[in-house]
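To start, the structure itself, in structure tokens.
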Amino acid sequence: MTEYEFGGPVGVVFMMLFLPATILGLFTFCDDKTAGCPNYVALPDFGKHSYFSVEANLVLIGWMVFLMFLWAVIPGAWADGVKLPTGGRLKYKLNGFSSGCITTICLIAGHLSGIFDLVWIYDNYLQLASAAILLSTLMSIMLYISARLKYSIPSGYLAGPGSTGIAIYDFFMGHELNPRIGDLDLKQFCELRPGLIGWAVINASCALKQYRETGMVTNAMWLVNIFQLIYVVDALWFEKAILTTMDITTDGFGFMLVFGDLAWVPFTYSLQARYLATFKQSEQLSVQMVLFIVAVKMVGMAIFRGANSQKNKFRTDPMDPSVRHLKTIPTERGTRLLISGWWGIARHINYFGDWVMAWAWCLPCGFDHIIPYFYAIYFGGLLVHREMRDEHNCKNKYGKDWDKYCSIVKWRIIPFLY
């Protein structure tokens, strides 16, 4: 019997309509051209905005081409991915951090020399978001058609979740596991480059907008930009770590990931910076509040990076001095499961750290409105759903060994609570 996620075919149709509308709705509900950011629940007025611009679409395409060019020309180490069901391993070029650094230099140079104005991004936020939605939709269609036409794809290169035979569901989940253009793995590229780096660029544009309007950048804006930039830099620096994540190893590259990478991440995760640039242009946080928020961020980052680094090191080199002392239990598959260290505290302790950081990103916006907290609320739900997917997959993978593991490591995400 076929097992479905996200409510099956009907659920994914709803998500493909609802998620793009959410991006546009968050902007139109809370902006400076209509009713501001009202302290009541109301439907956004979609009719007062222009959504499409040729310029925004060309800028987005240029952004993608520029980053692909950097991937091709910047030297980088090559790493093996996890073993495929066919027995082979794919090679991945790792130059995300170098690409991010060169992109930053180019953007600063271009802005200071007057070649372009980074504030344009803030001023054309909605048009760029619409362009990202359009691009991710078209790209998903092309990927699905391409996968269906590749009759010779070995079964090991097809994504199990996106191979149900129901077209709309497979389109959403992704039919092909690792679509590539030559050596360029499109899933790995989109996971870390256009959307993630673009998110940091949007944040910088919001800070520049605030400075242009007020002659200052508030400490709240600095916190949001620095915290989220740290997150982006961390992901690029530890690029190799994503090769063992479910996104790369299990999920196909369909609408779910394409839209998430290109549209959802840059245009919902930048909500706090846009809110501060629009509605908190000159309000400063107290020293006590700044210190509290920094402490929250540091705790979350320590858990998130500590847990992920420990897991990745154990998977790649279990005899490394940093992990060889950790307790494990053997499985019938011949592998071992960690039951001490970070992974002895909770089965998905990295999700807890990620969620703590989410609150640190939202707190600088104050408590005047719930809109800036959309990310923390949504992300909590996402992590619970992701944990449920992980649990289901691990149960199928490890069988009774997973039951034994769960009896030892009892907490799912939040120790002593969940």
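Some values worked out for this structure:
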{"quantity": "So V356, is it among the β-branched types (V, I, T), out of contact with any strand residue (DSSP E or B) (no Cβ under 8 Å at 6 or more places or on another chain) and either farther than 30 Å from V232 by Cβ or surrounded by 19 or more Cβ atoms within 10 Å (Cβ to Cβ) (or both)", "calculated": "yes"}
{"quantity": "Pairs, first at positive phi in the stretch 329-349, second surrounded by fewer than 19 Cβ atoms within 10 Å (Cβ to Cβ) and not in a loop (DSSP other than H, G, I, E, B), C-beta under 9 Å, six or more apart", "calculated": "G341/G306"}
{"quantity": "Matching residues in the stretch 94-143 - criterion: being within 17 Å of P75 (Cβ to Cβ) and either in a loop (DSSP other than H, G, I, E, B) or small (G, A, S) (or both)", "calculated": "N95, G96, S98, S99, G100"}
{"quantity": "Test: residue in the stretch 221-237 that is farther than 30 Å from Q310 by Cβ and crowded, with 19+ Cβ neighbours inside 10 Å", "calculated": "yes"}
{"quantity": "Single residue of the stretch 350-401 satisfying the filter (free of Cβ contacts under 8 Å to residues at least 40 places away in the same chain and of a type in the set (F, W, Y)) that is nearest to M15 (Cα to Cα)", "calculated": "F379"}
{"quantity": "Test: residue in the stretch 252-275 that is more than 23 Å from S140 (Cα to Cα), assigned to a helix (DSSP H, G or I), touching a Phe, Trp or Tyr at 6+ places or on another chain (Cβ under 7 Å) and not aliphatic (A, V, I, L, M)", "calculated": "yes"}
{"quantity": "Residue identified as open to solvent by less than 30 Å² (accessible area, probe 1.4 Å), in contact (Cβ under 8 Å) with a residue 40 or more places away in the chain and farther than 25 Å from V59 by Cβ among F189, F172", "calculated": "F172"}
{"quantity": "Qualifying residue in the stretch 218-226 (condition: farther than 21 Å from I121 by Cα and hydroxyl-bearing (S, T, Y))", "calculated": "no"}
{"quantity": "Residues of the stretch 304-353 that turn out to be part of a helix (DSSP H, G or I), among the β-branched types (V, I, T) and either touching a Leu at 6+ places or on another chain (Cβ under 7 Å) or open to solvent by 20 Å² or more (accessible area, probe 1.4 Å) (or both), as a count", "calculated": "1"}
{"quantity": "Some residue of the stretch 196-216 being over 17 Å from L118 (Cβ atoms) and modelled with pLDDT of 95 or more", "calculated": "yes"}
{"quantity": "Top-ranked residue in the stretch 216-240 [being outside any helix (DSSP H, G or I) and hydrophobic (A, V, I, L, M, F, W, C); ranked as nearest to V290 (Cα to Cα)]", "calculated": "V217"}
{"quantity": "Check on I102, more than 21 Å from F259 (Cα to Cα), open to solvent by less than 70 Å² (accessible area, probe 1.4 Å) and hydrophobic (A, V, I, L, M, F, W, C)", "calculated": "yes"}
{"quantity": "Scope the stretch 395-414; condition within 27 Å of the chain's Cα centre (by Cα) and either assigned to a helix (DSSP H, G or I) or loosely packed, with under 13 Cβ neighbours inside 10 Å (or both); matching residues", "calculated": "K395, N396, K397"}
{"quantity": "Sole exception among (1) of a type in the set (S, T, Y); (2) surrounded by fewer than 16 Cβ atoms within 10 Å (Cβ to Cβ); (3) more than 14 Å from the chain's Cα centre (by Cα) for T249, by number", "calculated": "(2)"}
{"quantity": "Residue within the stretch 359-371 that is outside any helix (DSSP H, G or I), more than 30 Å from W222 (Cβ to Cβ) and of a type in the set (D, E) present", "calculated": "no"}
{"quantity": "Residues satisfying the stated conditions in the stretch 52-93, i.e. in a loop (DSSP other than H, G, I, E, B), touching a helix residue (DSSP H, G or I) at 6+ places or on another chain (Cβ under 6 Å) and surrounded by 13 or more Cβ atoms within 10 Å (Cβ to Cβ)", "calculated": "S53, I74, G81, V82, L84"}
{"quantity": "Any hit, the stretch 203-214, residues being open to solvent by 10 Å² or more (accessible area, probe 1.4 Å), in contact with an Asp or Glu (Cβ under 8 Å, 6 or more places away or on another chain) and not polar (S, T, N, Q)", "calculated": "yes"}
{"quantity": "Test: residue in the stretch 379-391 that is in contact with a Leu (Cβ under 8 Å, 6 or more places away or on another chain) and not basic (K, R)", "calculated": "no"}
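The values are calculated or read from the model by the stated rules, or taken from the named source; none is laboratory data. Computed from a predicted model, the values in this text were never measured in an experiment. Note that we place each Cβ from the backbone using ideal geometry, even for glycine, and neighbour counts take in every protein chain shown. Just so you know, the surface numbers come from the protein's heavy atoms only, side chains and all, with ligands and any DNA or RNA stripped out. Shrake-Rupley method; radii C 1.70, N 1.55, O 1.52, S 1.80 Å.
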